Amino acid sequence: MTSEAALGEVLRSAARVRVTNGGVSGVRVLGEDVLLEVAEPAAVRQLIQALAVKQTTDGYCMCHGDLAFEFFDRSGRLTAAVGFHHATYLRWSGWDDDATLCDGGAVLRWLAEQGVEGPLAQEEQRQWERHEQRLAEQRWRAAAPAAVSDLLDVAVAAGSTDGLLPEGIHRLVAQRLEEAIPDRVERAGLMLAWFGSGTGRCSGFPVHEALPEPALAETPIAYLIQAMQVYPTDARIDAGAVRHLCGWKTRKQQARDIAKVPAELRIRLLMAARESGDDDKRRRAERWLSTPSRHRQR
């Protein structure tokens, strides 16, 4: 019998299942909130089928799991306790490592059919967020100037490792852009458009999106203003300007620089922030752009 099939054999005698929030450690259930108990034979067998795994992995998920499934035989004896991890892995004390589920979604659908809809809704939300993250990364890559295209993978990879961009990469970006785009207004416009792509958030954004930020910070405000005036219809430039000017300590003389932005441009940027659907960005823009005399980040 393969190790993957061992759990199925153990569960042949299961007559009842209890589902609890939180995962398992060995055979100990870590959560206290019981979400569901099922003793209907067909439903129990359906769950066991949904918990089928492809193969064991070479390691453990770093958490204890989202849910615990405790299976009991007809006498009430615990036959197995398994941890359910992110609709992807299953943990059982009979395996040395976690196992990959054949179809984690089948488990979530089973729970929803039993009236526990939260885990399925949460997974659908996570899938939507992952999809949006992929789209944001695609936009960010597409907006990047060709002169730095070979640095993009390095920056993106930093987000899945230590979260720090490699030392010297910001200086290299600034140098490459200066050499490739000598016109300072054009360069400012391209950097704003790049910075305005991706998620566009002022905080909580992927680390790679900060790649052009230091070069923008060193760009005199006059060139940023000219870029906004020269390219009045590029929404990415407006988004990048809001993100840069209204972010946290993005310029050495942030308040003074914003005070130099003409009123009509401040109105345009404020409108862009309000139309973005991002409440954090809107609040920042209203704080910085609405009244020049009150430009203070709080």
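Given labels modelled 7 Å from the Cα in the Cβ direction, how far is it in nm from Lys252 to Arg12?
7.6
Roughly how tilted is helix 41-50, in degrees to the nearest 10 and between 0 and 90, from the longest Cα axis of the chain?
50
Taking a cut-off of 22 Å between Cα atoms, list the lysines near Lys281, but don't count ones fewer than 8 places away on the same chain.
Partners found: Lys249, Lys252, Lys260.
In terms of the ratio Rg/(2.2 N^0.38 Å) built on C-alpha atoms, what value belongs to segment 3-116?
For segment 3-116, the normalised Cα radius of gyration is 0.94.
If I fit a long axis through the Cα atoms of helix 104-113 and take the longest principal axis of the Cα atoms of the chain, what angle between them do I get, 0 to 90°, rounded to 10?
Here the helix axis deviates by roughly 70 degrees.
To test your reading of the geometry: what angle, between 0 and 90 degrees and rounded to tens, separates the Cα axis of helix 221-230 from the longest principal axis of the chain?
So the inclination is approximately 90 degrees.
Distance from a point 7 Å along Cα→Cβ of Arg28 to each backbone N in segment 63-90: keep the residues under 19 Å and list them by number.
Hits in segment 63-90 for Arg28 at 19 Å: 63-71, 78-84.
Over 15 Å, how big is the tail of the calculated P(r) for segment 154-198, in percent of all Cα pairs?
The calculated P(r) of segment 154-198 puts 56 percent of pairs beyond 15 Å.
With the Cα gyration tensor of segment 199-255 giving a ≥ b ≥ c as the square roots of its eigenvalues, does the rule (a/c under 1.5 for rounded; else a/b larger than b/c for prolate; else oblate) give rounded, prolate or oblate?
Oblate.
Given a cut-off of 20 Å, what percent of all Cα-Cα pairs of segment 62-150 lie beyond it?
Value for segment 62-150 (Cα pairs over 20 Å): 53 percent.
At a Förster distance of 41 Å, what's the computed FRET efficiency of Met271 paired with Asp162, Cβ-Cβ distance as r, to 0.05?
0.60
Provide the FRET efficiency to the nearest 0.05 for the Thr57-Asp280 pair, computing r from the beta carbons and using R0 = 45 Å.
Using R0 = 45 Å, I get an efficiency of 0.75.
Would you mind calculating the gained length between Thr100 and Ala222 on full extension (0.36 nm times residue separation, minus the Cα-Cα distance), in nm to one decimal?
Here the segment from Thr100 to Ala222 would lengthen by 38.4 nm.
Rule-of-thumb check for the chain: C-alpha Rg over 2.2 N^0.38 Å?
Ratio of Rg to 2.2 N^0.38 Å for the chain: 1.38.
At 222 nm, what value in deg cm²/dmol follows for the chain if DSSP H runs of at least 4 each add -39500 (n - 2.57) and the sum is divided by all its residues, to the nearest 500?
Helix-only estimate at 222 nm: -14500 deg cm²/dmol.
Using 7 Å Cα-to-Cβ label points, what is the Ser290/Ala121 separation (nm, one decimal)?
Result for the modelled spin labels: 3.3 nm.
Using only the Cα atoms of segment 139-248, each taken as one equal point scatterer with no solvent, compute I(q) by the Debye sum, divide by I(0), and report log10 of the ratio at q = 0.11, 0.13, 0.20 Å⁻¹.
For segment 139-248 at q = 0.11, 0.13, 0.20 Å⁻¹, log10 I(q)/I(0) is -0.30, -0.42, -1.04.
Calculated FRET efficiency, Arg171 and Ala259, Cβ-Cβ r, R0 25 Å, to nearest 0.05?
0.30
Sorted from fewest to most neighbouring beta carbons within 10 Å, what does the list Val82, Val230, Val53 look like?
Lowest to highest Cβ neighbour count: Val230, Val53, Val82.
Sticking with the crude label model, points 7 Å out along Cα→Cβ, report the distance from Ala39 to Asp234 in nm, one decimal please.
Spacing of the two 7 Å Cα→Cβ label points: 6.9 nm.
Rounded to a whole number, what is D in µm²/s for segment 120-202 from Stokes-Einstein with the Kirkwood radius over alpha-carbon pairs (20 °C, 1.002 mPa s)?
Rounded to a whole number, D works out at 150 µm²/s.
Spelling out what I want: for every residue of segment 79-88, take phi, set θ = phi - 60°, compute 6.51 cos²θ - 1.76 cosθ + 1.60 (Karplus), and round to whole Hz; glycine and proline get x.
9, 6, 10, 10, x, 10, 10, 6, 6, 10
Every number here is computed from the coordinates shown, using simple stated rules; none is lab data. Everything quoted here is computed from the prediction, not taken from an experiment. Reconstructed Cβ throughout: ideal geometry from the backbone, glycine too, with neighbour counts over all protein chains shown.
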